[in-house]
Amino acid sequence: MSSTAAVTAAIERVPVEICKGMNGLEKVVLREARGSSAEVYLYGGHITSWKNDHGEELLFVSSKAIFKPPKPIRGGIPICFPQFSNHGFLEQHGFARNRFWSIDTNPPPFPTNSSTKTFVDLILKPIEEDMKIWPHSFEFRLRVTLGPSGDLMLTSRIRNTNTDGKPFTFTFAYHTYFSVSDISEVRVEGLETLDYLDSLQNKQRFTEQGDAITFESEVDKIYLSTPTKIAILDHEKKRTFVIRKDGLPDAVVWNPWDKKAKAMADFGDDDYKHMLCVEAAAVEKPITLKPGEEWRGRQELSAVPSSYCSGQLDPQRVLLGGRN
Ligand SMILES: O=P(O)(O)OC[C@H]1O[C@H](O)[C@H](O)[C@@H](O)[C@@H]1O
């Protein structure tokens with residue numbers, strides 16, 4: 001893109017608001033004309049709010065969340081990089097979720113749908129401390145976009161900028177906490193009959209049964225090679241979340257249930273009833289990048305009124321307009 005085009009693109013964009021959030025931490029607020037909004041903290045590159053055009057919050061953030069470094073924020077969408085969970089020697093979920101990201105004022109060209117003008121680009125580069133625990137140079141660019149109908153899109157571009165010729169390997173997840181009315185009324189469709197690693201049973205491999213997934217106890221599973229669309233149906237709210245993903249073959253499903261909830265200082269005792277994590281991820285097959293190579297991982301979230309019946313995962317029908 002020429003510099004003139006870049007300037008034009010910047011002018012056409014809906015300006016984003018940068019303000020102080022909890023404990024004075026900086027956050028970016030995106031707003032769409034019809035009323036939807038999203039908030040992202042520079043601390044963690046962490047989405048903490050996604051509201052539909054009625055102003056209803058769609059993500060769960062614990063009322064006990066601690067917005068204070070180095071503690072990651074409990075809820076919203078933490079970014080797990082360069083390690084998912086304890087699958088490696090780094091701290092749980094890697095360090096991206098508790099680093100300060102910057103606004104990327106001049107991101108490399110990025111194909112954008114011409115109707116979406118509400119977005120912000122963030123960037124994370126390693127600090128000296130990171131290089132000690134993970135000796136690699138990288139540029140992690142995160143674009144957060146709010147679509148005209150309130151869809152929330154996250155695109156990550158991770159580039160190996162090592163100058164020593166060395167490749168690096170990472171695992172990744174968008175650790176999305178969805179807000180649900182009552183976990184026992186929720187069903188997940190799209191993961192039936194798939195293989196998963198059960199993190200509650202030493203990551204042993206099992207095969208899911210044929211019915212949609214429902215919840216009556218703690219769950220912590222990594223579903224493998226999942227379809228690009230997954231739906232979360234919330235009967236009580238009459239709302240369906242549709243997750244579309246690209247470059248992220250796995251999907252983690254997590255709910256800590258009552259005992260683990262009580263053990264977490266930044267999570268209310270009953271919070272587990274009102275959240276469900278379904279996390280677009282790349283875990284089973286870690287990503288390796290050579291110097292100069294870039295990886296992309298994309299997640300798109302929509303929330304629509306539940307209007308379809310069990311066993312008919314057909315987001316084309318759910319999403320008026322039938323986008324794929
Ligand atoms: O407490 P955190 O470090 O944020 O992790 C919360 C959860 O994240 C993922 O869903 C993992 O699969 C779980 O094993 C973990 O408990």
Descending accessible area (1.4 Å probe), largest on the left, turns H136, H87, H54 into H54, H87, H136
Compute the separation of the alpha-carbon centres of the stretch 207-241 and the stretch 21-81 and state it in Å as a whole number. 23 Å
Let me know the shape class of the chain, please: from the alpha-carbon gyration tensor, a ≥ b ≥ c as square roots of the eigenvalues, rounded when a/c is under 1.5, otherwise prolate if a/b is greater than b/c, or oblate. rounded
Give the carbon-plus-sulfur fraction of the accessible surface of the stretch 3-305 in %, rounded to a whole number; probe 1.4 Å, heavy atoms of protein chains only. 50 percent
Can you tell me which lysines have their Cα less than 24 Å from the Cα of K290? Leave out same-chain residues fewer than eight positions away. K125, K132, K166, K245
Taking amide H positions as placed in the peptide plane 1.01 Å from N, state which residues far from L248 in sequence (5 or more) or on other chains have amide H under 5 Å from it. R298
Which order do W50, W295 take when ranked by solvent-accessible area (1.4 Å probe, heavy atoms of all protein chains), largest first? W295, W50
With the dipole of the chain defined by +1 on each Lys or Arg Cβ and -1 on each Asp or Glu Cβ, the option from P15, I133, G76 whose Cα lies farthest towards the positive pole is P15
Rounded to the nearest 20 Debye, what is the dipole magnitude of the chain about its Cα centre when Lys and Arg each give +1 and Asp and Glu each give -1 at the C-beta? 720 debye
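The values are calculated or read from the model by the stated rules, or taken from the named source; none is laboratory data. Remember, predicted model here, so these are calculated numbers, not experimental data. Counting neighbours? That spans all protein chains shown, and the Cβs are built from the backbone with ideal geometry, glycine included. These accessible areas exclude ligands, DNA and RNA; they are computed on the full protein's heavy atoms, side chains included. Shrake-Rupley method; radii C 1.70, N 1.55, O 1.52, S 1.80 Å.
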